[in-house]
Amino acid sequence: MKKTNIYGHRGAMGTHPENTLLSFQAAFEQGADGVEFDIQVTKDGELVVIHDDTVDRTTDGTGYVHDYSLRELKALSAGCRFNHFSEYEPSWNQERIPTLQEVLCFLAPFGTEANIELKPHLAKHQGIERRVLETVQAWGSQTKIIYSSFHLPMLLRLKQLNNTANIAWLLNINLPLAADYMSCFQFESLHVDKKILLTEGNAFEQEGLLSVIRAWTANQDQEIQQLLAKGVGTIMTDYPSRAIALRDGMI
């Protein structure tokens, strides 16, 4: 059986400030096979790596990302909100929201995989798919990139623009005839809520697809062990070091 890959969800967000270069570095130092992160668009059209459409939860600012210019966003701390983490150091306060370009350049030497999630609301930005593809083409050639979204039309437009793009549909439902969807839409994978995959007799398991499925987001030892036993292709987790230790029989 092929070894299950472990992706750091927003880096190593269980222990480090999510979607920051510091978090991605921690994930790779822990041995992650890849990372997952999210993008948003600033007022001046820059692609930045942050999960929420507002800055309130993860920075010392308030308001919508799309109301900030890149320069204004860069004035915010993306680390100070995480001072309750056990590994917190004052230097975290200097972490900033990175651009997509900065993250791609940072990832290049690691030669691993990266999942870029496009939130459904990004579809209102005309040409967003081309912008993302052009940025990846210019800066991300050293990294295997997977594009995922709950919004199917965005993924299909990405594929139309670049037929070699790896696209993966995000799902939180049990999808009958999933293999047919994968073939028809040329999905590289399906990214499925762990709760679905842990349900006995789910469609993905019945169709023998688990080895190409990426599960999100598993953090408890028991659920990680169950997914490993089922032979899921990839597990996304906030705690990559813990998941890797479970996979490799170290705990």
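The values are calculated or read from the model by the stated rules, or taken from the named source; none is laboratory data. This structure is a prediction, so every number in the text was calculated from the model and none was measured. Methodologically, a virtual Cβ is constructed for each residue, glycine included, from the backbone with ideal geometry; neighbour enumeration extends over all protein chains shown. Ligands, DNA and RNA are excluded from the accessible area calculation, which covers all protein heavy atoms including side chains. Shrake-Rupley method; radii C 1.70, N 1.55, O 1.52, S 1.80 Å.
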**OP:** Give, in nm to one decimal, the length gained when the segment between His84 and Leu177 is fully stretched (0.36 nm per residue of separation minus the Cα-Cα distance).
**Re:** 29.0 nm
**OP:** Could you pull out every residue, at least 5 positions away or on a different chain, whose amide H is within less than 5 Å of the one on Val35? Hs are placed 1.01 Å off N in the peptide plane, and Pro or chain starts have none.
**Re:** Gly8, Glu113, Ala114, Asn115
Original post:
Given the Cα-Cα distance of Asn163 and Gln222 and 0.36 nm per residue of separation, how much length would full extension add, in nm?
Top reply: 17.4 nm
Subject >> Long-range HN-HN contacts of Leu170 with modeled amide H, under 5 Å >> reply: Ser149, Phe150, His191
Original post:
In the P(r) worked out for region 98-189, what percent of Cα pairs fall beyond 19 Å?
Top reply: 41 percent
Subject >> Average Cα contact separation per residue, the chain, under 8 Å, 6 or more apart, as relative contact order % >> reply: 21 percent
**OP:** Can you work out the accessible area per residue across the chain, with the rest of the protein chains kept in place, probe 1.4 Å, in square angstrom?
**Re:** 45 Å²
Original post:
Which value does Rg/Rh take for the chain over its C-alpha atoms, Rh per Kirkwood?
Top reply: 0.96
Subject >> region 8-90: relative contact order in percent, alpha carbon pairs under 8 Å with at least 6 residues between >> reply: 25 percent
Subject >> Pairs beyond 26 Å (Cα-Cα), from Lys119/Lys230; Lys43/Lys119; Lys124/Lys194; Lys74/Lys119; Lys144/Lys194 >> reply: Lys119/Lys230; Lys124/Lys194
Subject >> Kirkwood-based shape ratio for region 1-92, expressed as Rg/Rh from alpha carbons >> reply: 1.02
Original post:
Of the residues Thr58, Thr199, Thr20, which exhibits the maximal mean-square fluctuation in a Gaussian network model of the chain defined by a 10 Å Cα contact cut-off?
Top reply: Thr199
**OP:** Treat each spin label as a single point 7 Å out from the Cα along the C-beta direction, and report the Gln142 to Ser211 distance in nm.
**Re:** 3.2 nm
**OP:** Counting residues in region 158-211 as N, plug N into 2.2 N^0.38 Å and put the Cα Rg over that result.
**Re:** 1.17
Original post:
What 222 nm value per residue comes from the helices of the chain, counting each DSSP H run with n ≥ 4 as -39,500 (n - 2.57) and dividing by all residues, nearest 500 deg cm²/dmol?
Top reply: -8000 deg cm²/dmol
Subject >> Kirkwood-based Rg to Rh ratio, region 72-127, C-alpha trace >> reply: 1.06
